[in-house]
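Novice: The structure is given below, and queries will be raised subsequently.
The values are calculated or read from the model by the stated rules, or taken from the named source; none is laboratory data. Please read all numbers here as calculations on a predicted model, not as lab measurements. Cβ atoms come from the backbone with ideal geometry, glycine included; neighbour counts cover every protein chain shown.
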Amino acid sequence: MKIKKIEFCNINSLAGEWTIDFESPDFANNGMFCIAGPTGSGKTSILDAICLGLYGKTPRLGAIKGDSNEVMTYDTLSCYAKVTFECKGVVYSSCWSQRRSAKTKKLQKYAWVLKNETTQNVDVSSSNQTEIEATMTRVIGLDFGQFTKSMMLAQGEFNRFLKCSENERAAILEKLTGDGIYRKIAVAVHDLYACANRAVQDIENRLGDVTMLSEEELAELNAKIEEATAQKKALNENVERLLYICTWFETLHNIESHLNTAKEGLEKAERAKADFEPDREKLERAVRAQEVESSYAEYNSVRDNLGRMKDQLEKSKGKLPEAESNLERATNDNSVKQEALEKRKAEYSAGETLWEQVSALDGDIRNSHTQLKGLDDDAAKIATEISSTQTKIKEFDNRISENETALKKVETYIAENGNDEKIDGLLPLLKALASERTQEWTSVSKESQQLDDQKKALQKFDEACEQQKQELGALRDYLNEHQIDAELVNLLPEMNGYANDVDRHHKESVRLQGEISSRQKSLDGVISEREKALANLTTLQNEKESIIQEDIPVVVAELRHTLKPGEPCPVCGSREHLSCEDSAKVENGADRLNDFAAKLRKINGEMEKVQRALDGFATQQQNFEELIRESSQKAKEEADAETSSLELLNSKLEPWKNSANFEKATFESVRGILQNLQSLKTTYLQKKESADGLQNNVNNAAIQRAELVGTLSRIEESLKKAQDKMQELSKELESKLEPWFSNIRMEDLDALLAELEKKNGLWNKAQEKQVKLQGELETFRSNVSQLNENLGLTQSRLDEAKRKIEESRGNLATLENRRKELFGEKSVEEERNKARTSRETAEREADSARRLEQQMREAKIALDKSIADLNGHIADAEPKLAELQKLFLENLTLKSFADEQEFLASKLPESDRKALLQKQKLVDDNLTTAQTSVKNFNDQLAEHQQKRNFEETEDVAKQNRDTAKSKLNECTVNLATWTEQKKTDALNRQKFSDMQEKLVELKSKRSDWEQMQRWFNGNRLETGNGDVFVKFIQTITLRNLLKIANGYLHDMFPRYEMVTEENTLNIQLVDHDNSDAVRPIDNISGGEGFLVSLSLALGISTLASRNVSIDSMFLDEGFGTLDTKMLQETVVVLQKMQQEKGKLLGVITHVDVVKSELRTHIEVTHNGGRSFLSGAGVKNGH
């Protein structure tokens, strides 16, 4: 990073605009220069300008904040600092600036702009200090601290690193070199170790929470699942069979219901059929009448038509005489009109010749009139022109006289009002003063209004405070009265818990009662089935005894033949067989014995089956009785628990009986009561929150009132200043207006200025009018001379025009006399039009008479033809009517109608007949449908009854179905519960196994991080600040720094070498002139200390810029403690460093020896509180 140029204005004592161009030829061969001047002259202000332009802050003052800028030169309105620099091949400029308001002198917000001079683009524009520093750190690669340690070694900072404590030195090293990353690494290692340790502990804790079944419990659970699965299968089959039976009965009832409905529909259809019989007869007559309708319609049509023709014939005969009379009159009128037409045509032809002759004379007369009128017009124009010219001459004479008078008045006004000449220059000043006074008056009015508003606001605020206090008092009264409602905040959850217990116990009690009722029904069914089984067993036992009594002789007889002496009898057990020796053999004994055995086996099997059923019924009865006892006991316990919970709840509710309006909470009312209490609690909390808010408002009111009073005072003060300013302006205006006005009032200021402006306008107009009037007088006099010359020529033209007019009038008189002789005063066109109109009227009348005669003749012919036609039609219609009448009467007889009247009475309108037909069809269709429906449902009932393959009744089937479903549900729940237990156990076993594997992995990971924790943070595992590792890194950094600094120190002062105290950050000196004795830093002289500090500063600069190319460096003061020889050697070392590294190196000093050693200077001189620059690359102003 290389600084190319700095530009600044009004920085500290350096007032005005200054530029230092480091690319000036002065620096081409002298990269090391000094900024010299007396102490306090402002040398360091150049460094302040560089830092301010780049980072918006200075090493001495930091960032510019608030309404104070100590960098800006005193009593100036603006300052800026601009630095042009090159970084990574790109040229930038960064400019920081700030201004004061010209009116209020208050500081405005500063601005900072970073511009890419290569592309001429503005990269960043900001007024945020954090953003400015972040931007420059990104562009240059150095933050402000690193910049001041690497490029700008500020005054008083040389020995800071050398003299500071170990901890301060560690902090400087960490910030300088960016070693903070190592602390972050150490902290991150500790965090990762702690995280791994927590993960191990978490797994170990969670392992203890995992529960698993023992092997015996798992085996028992598997046996239960297997048994329940088989039981569920059997129960499913039984439920499906019983569901089929219940469905069969439901279908049966459905068919029976539909059959009953169909029978009801059949009865309804039969009744509808009976009700329709009268309409059926009426419809039958209408149908017969419909069959006669066609012949009647034809007969009736011919009869009506014949009557109409006879009527029309009589009417036509009556009109015939009138038609003959009309024809005769029209013929006579036509003859008269034709004669009149011929007469009018002859008269028109006779007048046409005379009209043509008179029309030609009228054309000549019109032309003569036109010519005479043109001559008269020309003469009038000439006369008018003469009159106009005379008038103009007179007007010009008058205007000349007026202008001479006006010119005299203007000259008099100018002479009398010579003072008004000053108004034109004074008027803008007066207007500016008046405008400023108006602004001040506006400010006074506005601030007066603000003062009134503020007073009203204060009054309103006091009223609001009083209102809030009253509201607060009302809220406090409510809260005191309802203090007990505050306990609801803690008690309501407990009460809701009791209410939930009541609800839960009540629901469980109701459920248990339903369960007891269901199980009682099941028990009654089992007892009934057991009684049936006992009856069946008794029947089987009786049957068995009967078989034994009947068949035992056969058995005995058959067994006798198998007895052997000395062996026991299988029947009686005796060894003596005397009574059996002589018995006869039974016929078919073996078959009968086998049959007896088969019967016994069958009965024994049935008895065993019944006995097993009895045993099962006994077990079921015992189980149901036990379940009912358990459910009854649980129901009693739940009822007792419900009562206990209600009692506890009522004890809690006791304080709110009156406010919640209840006597005692019951299961039905408890939720409503708690809801009311919730409303009480909500109301209490809302009012308490409102009271707290109002209390805060009341507490803050005093502060707010003080602010309002302060604002009121400020407004009064500002108003007073504005009023004083307005008074000053008023006095100045009065003094300016005194030459023109007396008794000046500021209320009339606008009128006075208007009057003054009017005077100015009058003065200007008078000047303009004087010039104008003089020019017009000259013009008017020239115009009068020209008009007199034109007047003579115009009079000659008028005399010639009058002569021509007299000649034209003589010719016109001759033509008019001739026309009177031929035609008098009549108009040719009027006479022609009259004759033409008379002829056209005669033509119209003749044509109308001719057309009327033709119409009358055609009407007479048409009437004669109509009479003849009607006679013919009547003659043709009468035989046809007789024939149709005969046919109609025959059809009436055929369809059993007595006469035409009976036929007409039987006819029905088409809509009524169609309606009856539809009704008849509907009645018949409904009857057929009902009969079919009854038959179908009877068939379905017979078919459904054939499908019955079971013996159970409907009630037994439903009872068995419900019992089987209950057992199935119980079995399903048990199976699902046991299956879920098994699944949960399997998941827990897998979870336990996974967690053990994870624990081994996490312990290994924790061991690794524990080792790293010991490396980075020591053996105390709970410590994680990174001090151990950072200190180790900083000792390395310090050794690197001392290695660089010793190089500079050896060149300047080879006697000393800096080393570190073992395992610390303390710096010691090796004295090579004293047998390499190790000396503490504090035990050296001031000059030695400066050299050591300068070496460290140069080393820090090199170390801080190890990642950034530093091509510019400034050293501020510090050389005053060195003797002349040491100064020269130090300057030589700095020159050598500058030449080797090519840096632009500026040394700020007031020491003459340093100035003499360096050829390139920038001088800072001080004069009268201001400083001035001169020398290499310096320019004042733009």
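Novice: Can you tell me which condition residue 733 does not meet? The list is (1) more than 60 Å from the chain's Cα centre (by Cα); (2) closer than 30 Å to residue 447 by Cβ; (3) among the aliphatic types (A, V, I, L, M); (4) not assigned by TED's automatic domain parsing to the domain that holds residue 450, and all the others hold.
Specialist: Exception for residue 733: condition (4).
A quick yes/no check of all residues on (1) surrounded by 15 or more Cβ atoms within 10 Å (Cβ to Cβ); (2) at pLDDT 85 or above:
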position	(1), (2)
257	no, yes
280	no, no
283	yes, no
299	yes, no
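Novice: Another question about this same structure. Would you point out the residue of the range 913-934, among those that are surrounded by 11 or more Cβ atoms within 10 Å (Cβ to Cβ) and charged (D, E, K, R), that is nearest to residue 525 (Cα to Cα)?
Specialist: Applying the filter and picking the extreme gives 925.
Novice: Now a separate question. Just a yes or no: is a residue in the range 404-421 closer than 30 Å to residue 791 by Cα, among the polar types (S, T, N, Q) and in contact with a Leu (Cβ under 9 Å, 6 or more places away or on another chain)?
Specialist: Checked the range 404-421: no residue is closer than 30 Å to residue 791 by Cα, among the polar types (S, T, N, Q) and in contact with a Leu (Cβ under 9 Å, 6 or more places away or on another chain).
Novice: If you don't mind, there's one more thing I want to ask. Hey, any hits in the range 889-900 for a residue that's under 30 Å from residue 267 (Cα atoms), outside the structural domain of residue 303 (by TED's automatic domain parsing), assigned to a helix (DSSP H, G or I) and more than 60 Å from the chain's Cα centre (by Cα)? Full working, then the answer.
Specialist: Taking the range 889-900 as the starting set, the residues that turn out to be under 30 Å from residue 267 (Cα atoms) are none.
No - not one qualifying residue is present in the range 889-900.
Novice: Still on this structure, please answer the following. Would you point out which residue out of 838, 933, 866, 848 is under 30 Å from residue 266 (Cα atoms), hydroxyl-bearing (Ser, Thr, Tyr) and assigned to a helix (DSSP H, G or I)? Break it down stepwise before answering.
Specialist: Details: 838 fails: under 30 Å from residue 266 (Cα atoms); 866 fails: under 30 Å from residue 266 (Cα atoms); 848 fails: under 30 Å from residue 266 (Cα atoms).
So the residue among 838, 933, 866, 848 that is under 30 Å from residue 266 (Cα atoms), hydroxyl-bearing (Ser, Thr, Tyr) and assigned to a helix (DSSP H, G or I) is 933.
Novice: Something else now. If a residue must be surrounded by 15 or more Cβ atoms within 10 Å (Cβ to Cβ) and either free of Cβ contacts under 8 Å to residues at least 12 places away in the same chain or of a type outside the set (Lys, Arg) (or both), how many such residues does the range 950-967 contain?
Specialist: Of the residues in the range 950-967, the ones surrounded by 15 or more Cβ atoms within 10 Å (Cβ to Cβ) are 952, 956-967.
Imposing the further condition that a residue be either free of Cβ contacts under 8 Å to residues at least 12 places away in the same chain or of a type outside the set (Lys, Arg) (or both) reduces the set to 952, 956-957, 959-960, 962-964, 966.
Counting residues in the range 950-967 that are surrounded by 15 or more Cβ atoms within 10 Å (Cβ to Cβ) and either free of Cβ contacts under 8 Å to residues at least 12 places away in the same chain or of a type outside the set (Lys, Arg) (or both) gives 9.
Novice: For the structure I just gave you, tell me whether residue 228 is over 18 Å from residue 1006 (Cα atoms) and crowded, with 16+ Cβ neighbours inside 10 Å. Write out each step before concluding.
Specialist: On the way: over 18 Å from residue 1006 (Cα atoms): yes; crowded, with 16+ Cβ neighbours inside 10 Å: yes.
Yes.
Novice: So if I check each of 729, 737, 680, 708, which one is touching a helix residue (DSSP H, G or I) at 6+ places or on another chain (Cβ under 9 Å) and under 30 Å from residue 492 (Cα atoms)? Can you show your working first?
Specialist: On the way: 729 fails: under 30 Å from residue 492 (Cα atoms); 737 fails: under 30 Å from residue 492 (Cα atoms); 708 fails: under 30 Å from residue 492 (Cα atoms).
Being touching a helix residue (DSSP H, G or I) at 6+ places or on another chain (Cβ under 9 Å) and under 30 Å from residue 492 (Cα atoms) holds for just one of 729, 737, 680, 708, which is 680.
Novice: Let me ask another. From 41, 78, grab the single residue that is of a type in the set (Ser, Thr, Tyr) and in contact with a His (Cβ under 6 Å, 6 or more places away or on another chain).
Specialist: 41
Novice: Does at least one position in the range 968-987 carry a residue that is charged (D, E, K, R) and in contact (Cβ under 8 Å) with a residue 24 or more places away in the chain?
Specialist: Taking the range 968-987 and keeping what is charged (D, E, K, R), we get 970, 980, 982-983, 985.
Now drop any that are not in contact (Cβ under 8 Å) with a residue 24 or more places away in the chain, which leaves 982, 985.
Checked the range 968-987: at least one residue is charged (D, E, K, R) and in contact (Cβ under 8 Å) with a residue 24 or more places away in the chain.
Novice: Are there any strands (runs of 3 or more DSSP E) wholly within the range 1062-1136 with 2 or more residues that are at pLDDT 70 or above and surrounded by 16 or more Cβ atoms within 10 Å (Cβ to Cβ), and if so which?
Specialist: Working: elements: 1067-1071, 1077-1080, 1112-1116.
In the range 1062-1136, 1067-1071, 1112-1116 are the strands (runs of 3 or more DSSP E) which contain 2 or more residues that are at pLDDT 70 or above and surrounded by 16 or more Cβ atoms within 10 Å (Cβ to Cβ).
Novice: Same structure again: Looking at the range 21-65, which of the residues that are hydroxyl-bearing (Ser, Thr, Tyr) and modelled with pLDDT of 85 or more is nearest to the chain's Cα centre (by Cα)? Break it down stepwise before answering.
Specialist: Residues of the range 21-65 hydroxyl-bearing (Ser, Thr, Tyr): 24, 39, 41, 44-45, 55, 58.
Keeping just the survivors that are modelled with pLDDT of 85 or more gives 24, 44-45, 55, 58.
On the way: 24: 62, 44: 58, 45: 56, 55: 43, 58: 49 Å.
The residue in question is 55.
Novice: A further question follows. For the range 401-431, which positions are hydrophobic (A, V, I, L, M, F, W, C) and either surrounded by 13 or more Cβ atoms within 10 Å (Cβ to Cβ) or closer than 19 Å to residue 741 by Cα (or both)?
Specialist: Looking only at the range 401-431, we keep the residues that are hydrophobic (A, V, I, L, M, F, W, C), and these are 406-407, 410, 414-415, 423, 426-427, 429-430.
406, 407, 410, 414, 423, 426, 427, 429, 430, listed by residue number.
Novice: Condition test on residue 899, is it among the charged types (D, E, K, R) and under 30 Å from residue 291 (Cβ atoms)?
Specialist: Details: among the charged types (D, E, K, R): yes; under 30 Å from residue 291 (Cβ atoms): yes.
So residue 899 passes the test.
Novice: Please state which one of 393, 423, 386 is within 25 Å of residue 746 (Cα to Cα) and either under 60 Å from the mean Cα position of the chain (by Cα) or not assigned by TED's automatic domain parsing to the domain that holds residue 714 (or both). Spell out how you get there, then give the answer.
Specialist: Details: 393 fails: within 25 Å of residue 746 (Cα to Cα); 386 fails: within 25 Å of residue 746 (Cα to Cα).
Unique residue meeting the criteria: 423.
Novice: While we're on this one: Considering only the range 737-757, how many residues are in a helix (DSSP H, G or I) and buried (at least 16 other Cβ atoms within 10 Å of the Cβ)? Show your work before the answer.
Specialist: Narrowing the range 737-757 to residues in a helix (DSSP H, G or I): 737, 746-757.
So of that shortlist, the ones also buried (at least 16 other Cβ atoms within 10 Å of the Cβ) come out as 737, 746, 749, 752-753, 756.
Qualifying residue count for the region: 6.
Novice: Is it the case, given these coordinates, that residue 72 is more than 27 Å from residue 1160 (Cα to Cα), within 52 Å of the chain's Cα centre (by Cα) and surrounded by 19 or more Cβ atoms within 10 Å (Cβ to Cβ)? Give the derivation first.
Specialist: Details: more than 27 Å from residue 1160 (Cα to Cα): yes; within 52 Å of the chain's Cα centre (by Cα): yes; surrounded by 19 or more Cβ atoms within 10 Å (Cβ to Cβ): yes.
It is true that residue 72 is more than 27 Å from residue 1160 (Cα to Cα), within 52 Å of the chain's Cα centre (by Cα) and surrounded by 19 or more Cβ atoms within 10 Å (Cβ to Cβ).
Novice: Output the qualifying pairs, or none if there are none: Cβ atoms under 6 angstrom, residues six or more apart or on different chains, first residue in the range 1014-1037 and on the phi > 0 side of the Ramachandran plot and in a loop (DSSP other than H, G, I, E, B), second residue crowded, with 19+ Cβ neighbours inside 10 Å and of a type in the set (A, V, I, L, M, F, W, C).
Specialist: 1026/186
Novice: Please verify whether the range 711-733 includes one or more residues that are among the hydrophobic types (A, V, I, L, M, F, W, C) and touching a Cys at 6+ places or on another chain (Cβ under 6 Å). Let's see the steps before the verdict.
Specialist: Kept after step one, since they are among the hydrophobic types (A, V, I, L, M, F, W, C), are these residues of the range 711-733: 712, 715, 719, 722, 726, 729, 733.
Then keep just the ones that are touching a Cys at 6+ places or on another chain (Cβ under 6 Å); that gives none.
Checking the range 711-733: not a single residue is among the hydrophobic types (A, V, I, L, M, F, W, C) and touching a Cys at 6+ places or on another chain (Cβ under 6 Å).
Novice: Of 200, 187, which residue is under 30 Å from residue 1028 (Cβ atoms), modelled with pLDDT of 85 or more and either outside any helix (DSSP H, G or I) or of a type outside the set (Gly, Ala, Ser) (or both)? Walk me through it before giving the result.
Specialist: Numbers: 187 fails: modelled with pLDDT of 85 or more.
Every option except 200 fails the conditions.
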